[in-house]
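Peer 1: A single structure is presented below for examination.
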């Protein structure tokens with residue numbers, strides 16, 4: 001799908017850049033544009049209501065479905081799996097948790113407390129998760 005069928009059903013549509021628009025959200029009593037619309041290279045249409053409306057509610061309000069935001073997949077062709085996009089806050093929260101695990105382990109090690117196999121496995125998993133995150137951010141992964 002291109003963004004045109006959606007944009008045709010919205011009010012106060014204004015282009016904000018190439019393949020990007022803002023409009024009044026049809027899912028709530030919107031007085032000024034709070035709905036961002038973007039069409040990405042593969043034809044997928046992304047929408048975000050900054051007032052908090054769910055994407056399914058937005059498309060339903062204009063008589064479309066969530067499926068209408070995605071290009072048709074040719075018969076016999078499967079989409080390539082894509083990497084999940086992660087919110088930076090979620091990544092930082094995960095890293096903070098893994099860091100706490102390692103800090104607790106370091107404190108126990110300093111005090112001479114023995115580690116069980118379960119403790120050792122968890123410490124190894126925490127270190128691996130931090131290493132993986134670092135690889136993603138520094139481009140080595």
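The values are calculated or read from the model by the stated rules, or taken from the named source; none is laboratory data. Owing to the predicted nature of the structure, the values given are computational and were not obtained by experimental measurement. Glycine also receives a Cβ, built like all others from the backbone with ideal geometry; neighbour counts cover every protein chain displayed.
Peer 1: With the condition kept exactly as written, say whether any residue in the stretch 56-77 is in the same structural domain as residue 13 (by TED's automatic domain parsing), modelled with pLDDT of 90 or more and exposed (fewer than 13 other Cβ atoms within 10 Å of the Cβ).
Peer 2: Among the residues of the stretch 56-77, at least one is in the same structural domain as residue 13 (by TED's automatic domain parsing), modelled with pLDDT of 90 or more and exposed (fewer than 13 other Cβ atoms within 10 Å of the Cβ), which makes the answer yes.
Peer 1: Now for a separate question. If you check every pair at least six apart or on different chains, which have Cβ atoms under 8 Å apart with a residue in the stretch 104-124 that is assigned by TED's automatic domain parsing to the domain that holds residue 94 first and a residue that is at pLDDT 90 or above and assigned to a loop (DSSP other than H, G, I, E, B) second?
Peer 2: Cβ pairs passing all conditions: 105/115; 108/115; 109/115; 123/115.
Peer 1: If you don't mind, there's one more thing I want to ask. Provide a single number: the residues in the stretch 29-43 that are surrounded by fewer than 16 Cβ atoms within 10 Å (Cβ to Cβ) and free of Cβ contacts under 8 Å to residues at least 40 places away in the same chain. Don't jump to the end; show me each part of the working.
Peer 2: Of the residues in the stretch 29-43, the ones surrounded by fewer than 16 Cβ atoms within 10 Å (Cβ to Cβ) are 29, 31-32, 40-43.
Imposing the further condition that a residue be free of Cβ contacts under 8 Å to residues at least 40 places away in the same chain reduces the set to 29, 31-32, 40-42.
Summing the residues that are surrounded by fewer than 16 Cβ atoms within 10 Å (Cβ to Cβ) and free of Cβ contacts under 8 Å to residues at least 40 places away in the same chain in the stretch 29-43 gives 6.
Peer 1: Now for a different question. Return only the number of the condition from (1) closer than 20 Å to residue 71 by Cβ; (2) in a strand (DSSP E or B); (3) without any contact (Cβ under 8 Å) to a residue 24 or more places away in the chain that residue 47 does not satisfy.
Peer 2: (3)
Peer 1: With the requirement that a residue be surrounded by 16 or more Cβ atoms within 10 Å (Cβ to Cβ), within 24 Å of the chain's Cα centre (by Cα) and part of a strand (DSSP E or B), what does the stretch 1-28 give you?
Peer 2: Result: 21, 22, 23, 24.
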